[in-house]
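S.K.: First, the structure itself, so that you have it in front of you.
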Amino acid sequence: MIGILIILICWCLGNLLSLLTRGYVSGNVIGMLLLYAALHFRVVKAEKVAPTAKFLLGVMAIFFVPFGVGLMESYKVLAESWFAIVVSCALSTWIVIATVALIYQKLNKRS
């Protein structure tokens, strides 16, 4: 029970910090960074949040239901611009792969 409290406190603090920065960074991201920092610096013991984290990971598919419903609501928009979506996905994937490959080659030469 303490694990869910710790996770909720980090989430609430993250949302508060996000509001203070006018939403520049999502509160969820800030909350997870706070939880990571608390675990890394041993402010919170991993054993306290492990059962809650395992449960949330087990039911993670439920969190994607609203996203799937949103996609079905936007079917007409997606159908109208499918070509641009496919091209941008392929192009961005290729750019990421090429960038990572070049960085890896440069770093590998140094060592």
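The values are calculated or read from the model by the stated rules, or taken from the named source; none is laboratory data. Note that the structure is a prediction, hence the values are computed from the model and not measured. A quick note on method: Cβ atoms are made from the backbone with ideal geometry, for glycine too, and the neighbour counts reach across all protein chains shown.
S.K.: When only residues in region 10-29 that are among the aliphatic types (A, V, I, L, M) and more than 18 Å from Phe63 (Cβ to Cβ) count, which is nearest to the chain's Cα centre (by Cα)?
M.R.: Quick first cut of region 10-29, residues among the aliphatic types (A, V, I, L, M) only: 13, 16-17, 19-20, 25, 29.
Then drop every residue that is not more than 18 Å from Phe63 (Cβ to Cβ), which leaves 13, 16-17, 19-20, 25.
Details: Leu13: 17, Leu16: 18, Leu17: 17, Leu19: 18, Leu20: 20, Val25: 12 Å.
Across region 10-29, the extreme among qualifying residues is Val25.
S.K.: Let me confirm something: among Ile85, Ile95, Ile7, Ile2, which residue is modelled with pLDDT of 95 or more and more than 19 Å from the chain's Cα centre (by Cα)?
M.R.: Values: Ile85 fails: modelled with pLDDT of 95 or more; Ile7 fails: more than 19 Å from the chain's Cα centre (by Cα); Ile2 fails: modelled with pLDDT of 95 or more.
The match here is Ile95.
S.K.: Tell me which residues, restricted to region 1-22, are polar (S, T, N, Q) and surrounded by 12 or more Cβ atoms within 10 Å (Cβ to Cβ).
M.R.: Going through region 1-22, the residues polar (S, T, N, Q) turn out to be 15, 18, 21.
Of everything in region 1-22, those that are polar (S, T, N, Q) and surrounded by 12 or more Cβ atoms within 10 Å (Cβ to Cβ) turn out to be Asn15, Ser18.
S.K.: Something else now. Residue check: is Gly58 without any contact (Cβ under 8 Å) to a residue 60 or more places away in the chain and exposed (fewer than 10 other Cβ atoms within 10 Å of the Cβ)?
M.R.: Numbers: without any contact (Cβ under 8 Å) to a residue 60 or more places away in the chain: yes; exposed (fewer than 10 other Cβ atoms within 10 Å of the Cβ): yes.
For Gly58, the condition - without any contact (Cβ under 8 Å) to a residue 60 or more places away in the chain and exposed (fewer than 10 other Cβ atoms within 10 Å of the Cβ) - is met.
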